[in-house]
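> Handing you this structure, nothing more for now.
The values are calculated or read from the model by the stated rules, or taken from the named source; none is laboratory data. Predicted, not measured: the structure shown is a model, and the values here were computed from it. For neighbour counting, all protein chains shown are included, and Cβ atoms are generated from backbone atoms with ideal geometry for every residue, glycine included.
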Amino acid sequence: MAGEDADVIIIGSGAGGGACAWALACRGIRVLLLEAGPFYYPGEYLLDKPQWEQSLFPEKARHTARYTYGRMQRLDPAYQGLLSWNHTRGKTNTTEQRRVDAYHHKRGIGGSTLVYSGEAHRLHPEAMRLKSSHGVGADWPLSYDDLEPSYCIAERVTGVAGPVGDPVRFRSEPLPLPPHRLSYASTRIREGCRKLGLNWVENSVAILSKPYDGRPACNYCANCYRGCMRTDKGSADVTFIRKAVDSGHCTVRADSQVTLLEAGPSDRITSVQYTDAAGGSHRSSARAVVVACGAIETPRLLLSSKSTHAPDGPGNESGQVGRHFMETISWASTGLHPEPLGSFRGIPVDSVCWDFNRPGSVAGVAGGCRFCSATAEADLLGPGSYAHRVAKGWGKRHKEEMRRVFGRALTVLGMGESLPNGRSFIDLDPGERDALGMPVARINSYLEGTEIHLLEFMAKKCREILHAAGVSGIIEEFGSYDTFSSTHVFGTCRMGDDPNSSVVNRFGRSHRWKNLFIADASVFPSSGGGESPSLTIQALAIRTAGHMQEMAKKGDL
């Protein structure tokens, strides 16, 4: 269409936006990629600086979005065993209500993949049929087999390393790289799991075990979430987006926050409005618009874009935008091992137990869960963390304790299925606006009995694994019951075949708006049994891009 800035505008440059940009650009489709956050360059990360441990990630202006939270639920005294605590500081939450820690989301070219641990998981096929098999949640409108070819593409682009063979998840081609060798600390967990009859295997991660695609192998510093200086971690900026730009068909604009989707006649999005870092306003148009801002910012943008043609916001004709919010359900237990493990070495999550991942594996719970090594995820990597959270005492005694305990911390993490419920949703806060005048997203979170029962199971199993691994006493535990602290969020623009109960179809296309697509975890009908969602987001985005190309060939885009 003459006068358009691009064939496709993509909003958001994380796992979904980056993968979609690459999949379109490599087909010769002109892409304009708009990102609210800044560029980050590997040399900006702080791992080679003295202050590395004090900063989880280098802060920049517009680095994180602003959110508010609805009233959190009251804690039940019956679940005292699920309260977060530390042996030097006591209870983390001393109130009678669930507290807010954070929604751990990052703005920037690469999105939250800038700080993720590189986990690259395929969903369990049965997790996509929860409604049919267990009568809860919703089924995916596509099957695992439909998504499998796109999984392979995403694994090749990001350079996934992992074990050979999976008895549950069929794959048409092997992973591109061999698995990482387990750290010494993780071998202790593996031995403990064997005593319990559990399988503890290498994790699948988008972290290079060998040089690949012009990037070096990992050096095992374990600080993925502080930014990867070596580019061995397959974040979207150094994989999909780099390749999209190299194709010559993708333009990237950082510090460009989209404030409005302009809905026009004929059920089409006519343009998008965005503001640059200097406060300048811009309007761009394209044949199609892909929203890939994540399960909180995507519904915020849709709900904020009300107009005459879209009185409830584009895509919200069914009233489903913002509904079915699912969050990270997790539990972590940490103990001190009698051996000097050097547990600060390795990749953050090098090993995993999938024995309870299949839906229904845990008695009384529809969804599944998984367990993994997580000492780095608990940020027990440097002396600062040990000084505050592990070593007791003061003065000389504290110094002696530091020498004794450093490198001995061992953490096991459980992550499990989150089911949608009517009290967990995203809406717009009526009383809060951001610096650009947009209403901010309000996160409403509620854990029902199923999630609490799963948390009890995960807490018990984490403790059992640690004890079997040789840990005599627990020193810290942290869980979702008394604290909202979510990295993976899903479901607020659910995909489905029925326009009355979903926002987009099986290809991520709006049921009404002919040129509006969504490519992030907001389209997930279910969260999976603890799998990291990035690979599935990428696979869905690649599949969406392929469908868009077919539509363009037919003149339907």
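> State which residue is farthest from THR92 (Cα to Cα) when the search covers only segment 466-498 and only residues that are of a type in the set (Gly, Ala, Ser), touching a Phe, Trp or Tyr at 6+ places or on another chain (Cβ under 9 Å) and surrounded by 22 or more Cβ atoms within 10 Å (Cβ to Cβ).
This residue is GLY491.
> Something else about it: Go through (1) in a loop (DSSP other than H, G, I, E, B); (2) over 28 Å from VAL136 (Cβ atoms); (3) at pLDDT 95 or above one by one and return the number of the condition ARG423 breaks.
Only one criterion in (1) in a loop (DSSP other than H, G, I, E, B); (2) over 28 Å from VAL136 (Cβ atoms); (3) at pLDDT 95 or above is unmet by ARG423, namely (2).
> Still on this structure, I have one more. Would you be able to say whether some residue in segment 499-510 is among the hydrophobic types (A, V, I, L, M, F, W, C), crowded, with 24+ Cβ neighbours inside 10 Å, in contact with a helix residue (DSSP H, G or I) (Cβ under 7 Å, 6 or more places away or on another chain) and within 24 Å of GLY264 (Cβ to Cβ)? Working first, answer last.
Kept after step one, since they are among the hydrophobic types (A, V, I, L, M, F, W, C), are these residues of segment 499-510: 503-504, 507.
Narrowing further to those that are crowded, with 24+ Cβ neighbours inside 10 Å: 503-504.
Now narrow it down to the ones that are in contact with a helix residue (DSSP H, G or I) (Cβ under 7 Å, 6 or more places away or on another chain): 504.
Retained after the next criterion (residues that are within 24 Å of GLY264 (Cβ to Cβ)): 504.
Yes, segment 499-510 contains at least one residue that is among the hydrophobic types (A, V, I, L, M, F, W, C), crowded, with 24+ Cβ neighbours inside 10 Å, in contact with a helix residue (DSSP H, G or I) (Cβ under 7 Å, 6 or more places away or on another chain) and within 24 Å of GLY264 (Cβ to Cβ).
> Whether any residue in segment 527-537 is in contact (Cβ under 8 Å) with a residue 12 or more places away in the chain, surrounded by fewer than 22 Cβ atoms within 10 Å (Cβ to Cβ), part of a loop (DSSP other than H, G, I, E, B) and not aromatic (Phe, Trp, Tyr) is what I want to check. First the steps, then the outcome.
Looking only at segment 527-537, we keep the residues that are in contact (Cβ under 8 Å) with a residue 12 or more places away in the chain, and these are 527-537.
Among the residues that remain, those that are also surrounded by fewer than 22 Cβ atoms within 10 Å (Cβ to Cβ) are: none.
Taking every residue of segment 527-537 in turn, none turns out to be in contact (Cβ under 8 Å) with a residue 12 or more places away in the chain, surrounded by fewer than 22 Cβ atoms within 10 Å (Cβ to Cβ), part of a loop (DSSP other than H, G, I, E, B) and not aromatic (Phe, Trp, Tyr).
> Within segment 439-458, count every residue that is of a type in the set (A, V, I, L, M) and either surrounded by fewer than 21 Cβ atoms within 10 Å (Cβ to Cβ) or free of Cβ contacts under 8 Å to residues at least 12 places away in the same chain (or both). Explain how you work it out, then say what you get.
Restricting attention to segment 439-458, the residues satisfying the condition of being of a type in the set (A, V, I, L, M) are 440-441, 443, 447, 452, 454-455, 458.
Subset that is either surrounded by fewer than 21 Cβ atoms within 10 Å (Cβ to Cβ) or free of Cβ contacts under 8 Å to residues at least 12 places away in the same chain (or both): 440, 452.
So the count comes out to 2.
> A further question on this structure: What pairs can you find where one residue is in segment 141-155 and touching a residue at least 60 places away in the same chain (Cβ under 8 Å) and within 13 Å of LEU123 (Cβ to Cβ), the other is aliphatic (A, V, I, L, M) and surrounded by fewer than 19 Cβ atoms within 10 Å (Cβ to Cβ), and their Cβ atoms are less than 9 Å apart, with a gap of 6+ or different chains?
none
> Given the criterion part of a loop (DSSP other than H, G, I, E, B) and either more than 29 Å from SER501 (Cα to Cα) or at pLDDT 95 or above (or both), identify the matching residue among THR375, THR411. Don't jump to the end; show me each part of the working.
On the way: THR411 fails: part of a loop (DSSP other than H, G, I, E, B).
Among THR375, THR411, only THR375 is part of a loop (DSSP other than H, G, I, E, B) and either more than 29 Å from SER501 (Cα to Cα) or at pLDDT 95 or above (or both).
> Just checking, which of GLU451, GLU432 is in contact with a strand residue (DSSP E or B) (Cβ under 8 Å, 6 or more places away or on another chain), within 27 Å of ALA120 (Cα to Cα) and not in a loop (DSSP other than H, G, I, E, B)?
Values: GLU432 fails: within 27 Å of ALA120 (Cα to Cα).
Only one candidate passes the filter, namely GLU451.
> While we're looking at this one, here's another question. Consider segment 1-37. How many of its residues are surrounded by fewer than 18 Cβ atoms within 10 Å (Cβ to Cβ) and either under 15 Å from GLY234 (Cα atoms) or under 19 Å from the mean Cα position of the chain (by Cα) (or both)?
Qualifying residue count, segment 1-37: 0.
> For segment 324-340, how many residues meet the condition of being buried (at least 23 other Cβ atoms within 10 Å of the Cβ) and assigned to a loop (DSSP other than H, G, I, E, B)?
3
> Tally time: how many residues in segment 53-96 are among the hydrophobic types (A, V, I, L, M, F, W, C) and under 30 Å from ALA435 (Cβ atoms)?
Of segment 53-96, the ones among the hydrophobic types (A, V, I, L, M, F, W, C) are 56-57, 61, 65, 72, 75, 78, 82-83, 85.
Still in the running and under 30 Å from ALA435 (Cβ atoms): 56-57, 61, 65, 72.
Of the residues in that region, 5 qualify.
> Please verify whether segment 52-64 includes one or more residues that are under 30 Å from SER284 (Cβ atoms) and not in a loop (DSSP other than H, G, I, E, B). Give the steps one after another, and end with the answer.
Filtering segment 52-64 down to residues under 30 Å from SER284 (Cβ atoms) leaves 57-64.
With not in a loop (DSSP other than H, G, I, E, B) added as a condition, the list becomes none.
No, segment 52-64 contains no residue that is under 30 Å from SER284 (Cβ atoms) and not in a loop (DSSP other than H, G, I, E, B).
> Just to verify a result, which residue in segment 211-255, among those that are among the basic types (Lys, Arg) and in contact with a strand residue (DSSP E or B) (Cβ under 7 Å, 6 or more places away or on another chain), is surrounded by the fewest Cβ atoms within 10 Å (Cβ to Cβ)?
Kept after step one, since they are among the basic types (Lys, Arg), are these residues of segment 211-255: 215, 226, 230, 233, 242-243, 253.
Those left that are additionally in contact with a strand residue (DSSP E or B) (Cβ under 7 Å, 6 or more places away or on another chain): 233, 253.
On the way: LYS233: 28, ARG253: 15.
Filtering segment 211-255 for residues that are among the basic types (Lys, Arg) and in contact with a strand residue (DSSP E or B) (Cβ under 7 Å, 6 or more places away or on another chain), the one surrounded by the fewest Cβ atoms within 10 Å (Cβ to Cβ) comes out as ARG253.
> Now a separate question. Among the residues of segment 82-110 satisfying the criterion of being at pLDDT 95 or above and either in a helix (DSSP H, G or I) or of a type in the set (A, V, I, L, M, F, W, C) (or both), which is surrounded by the most Cβ atoms within 10 Å (Cβ to Cβ)?
ILE109
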